[in-house]
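Below is one structure, written out as structure tokens, with a few remarks after it.
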Amino acid sequence: MPTSSASTTDASSKTPAASGGVQSLERAFDLLERMADAGGEVGLSELSAASGLPLPTIHRLMRTLVACGYVRQQPNRRYSLGPRLIRLGESASRLLGTWARPYLARLVEETGETANMALLDGDEIVYVAQVPSKHSMRMFTEVGRRVLPHSTGVGKALLAHTPADEVRALLARTGMPAATEKTITTPEGFLEALEQVRRAGYAVDDNEQEIGVRCLAVSVPNSPTAAAISISGPAGRVTEAVTESFVPILQNVAAELSVALANQSPA
């Protein structure tokens, strides 16, 4: 039947184009992620070396991303992540925080202390969710607040398995200003702290971000984006004595949150 034959031919002729479109989309997202991993700004040759794609392909994809506002070309002809990504990132962070809140509420119920969730966004830590303690004296961190990784428990948890040369490069970009007299201010000291996190399975902020405040943190395993959860409270309550009982609670909740986040993503 002529009509049926024409229909079949049209459908098959569209398949290679559709397949090519999907491949281009995958490659574009891969380039954006590689740019983020490199600190947000790269040259075409760096992207080619990292991705294995030929320069003409990368140039074509970057032209499209620039036209859409997701990438900007700098005066030095390098490329940086564009401002249009901010809205997408903020919306995704809000959703992530919404999904995490029931798990943070459980942490509060079981430990009595304020629970937080934070992400590694570029070189900074950004808090995306919090459930406050019911105590009258409690810790409060504004959702959306950004801090440097070296002075926080969540920062240590997030960077614990990052290669040492990458950690050093990050610290060189951010500096290591002291928030308190207990803040770690040398790369060697911070790398030693990360080794302790790897051995213990959790991170501690002991008066390093704010005097009188102690924090315990663990990373969320297999999270689609690097994430950590923590509990924080007055140093007089979050003591060495309670750490032994609080850490397994944190680890169990992080594992359950990991499963929940995986179920939010398509298979």
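The values are calculated or read from the model by the stated rules, or taken from the named source; none is laboratory data. Treat the numbers as computed from the prediction; the structure is a model and nothing was measured. Methodologically, a virtual Cβ is constructed for each residue, glycine included, from the backbone with ideal geometry; neighbour enumeration extends over all protein chains shown. Note: areas computed on protein heavy atoms with side chains; ligands, DNA, RNA excluded. Shrake-Rupley method; radii C 1.70, N 1.55, O 1.52, S 1.80 Å.
Of Thr243, Thr64, the order by accessible heavy-atom surface (1.4 Å probe, DNA, RNA and ligands excluded), from most exposed downward, is Thr64, Thr243.
Leaving out ligands and nucleic acids, note down the accessible area per residue over the range 85-232 with a 1.4 angstrom probe, in whole Å².
On the way: 7060 Å² over 148 residues.
So the range 85-232 comes to 48 Å² accessible per residue, rounded to a whole number.
In order along the range 116-129, the phi-based Karplus estimate (6.51 cos²θ - 1.76 cosθ + 1.60, θ = phi - 60°) of 3J(HN,Hα) comes to 10, 10, 9, 10, 8, 10, x, 9, 10, 9, 10, 7, 10, 7 Hz; Gly and Pro are listed as x. Per residue, the average separation of C-alpha pairs within less than 8 Å and at least 6 apart gives the chain a relative contact order of 14 percent. Computed from backbone phi, the HN-Hα couplings of the range 31-48 come to 5, 4, 5, 5, 5, 4, 4, 8, x, x, 9, 8, x, 4, 5, 5, 5, 5 Hz, rounded to whole numbers (Karplus: 6.51 cos²θ - 1.76 cosθ + 1.60, θ = phi - 60°; Gly and Pro given as x). For the chain, the mean residue ellipticity at 222 nm estimated from helices alone is -18000 deg cm²/dmol, where every DSSP H run of n ≥ 4 contributes -39500 (n - 2.57) and the total is divided by all residues, rounded to the nearest 500. Each Lys and Arg Cβ is given +1 and each Asp and Glu Cβ -1; about its Cα centre, the chain then shows a dipole of about 920 debye. Taking amide H positions as modeled 1.01 Å from N, with prolines and chain starts lacking one, the residues under 5 Å from Val128 and 5 or more places away or on another chain are Met117, Ala118, Leu119, Gly144.
Measure off, as a whole percent, the carbon and sulfur share of the 1.4 Å-probe accessible area of the range 105-192, all protein chains present.
Values: 2160 of 4170 Å².
Answer for the range 105-192: carbon and sulfur cover 52 percent of the accessible area.
Considering only Cα atoms, the convex hull volume of the chain works out to 166 Å³ per residue.
Rolling a 1.4 Å probe over the protein heavy atoms leaves Ser223 with an accessible area of roughly 30 Å². Here the alpha carbons of the range 110-253 define both size measures, Rg and Dmax, at 13.9, 43 Å.
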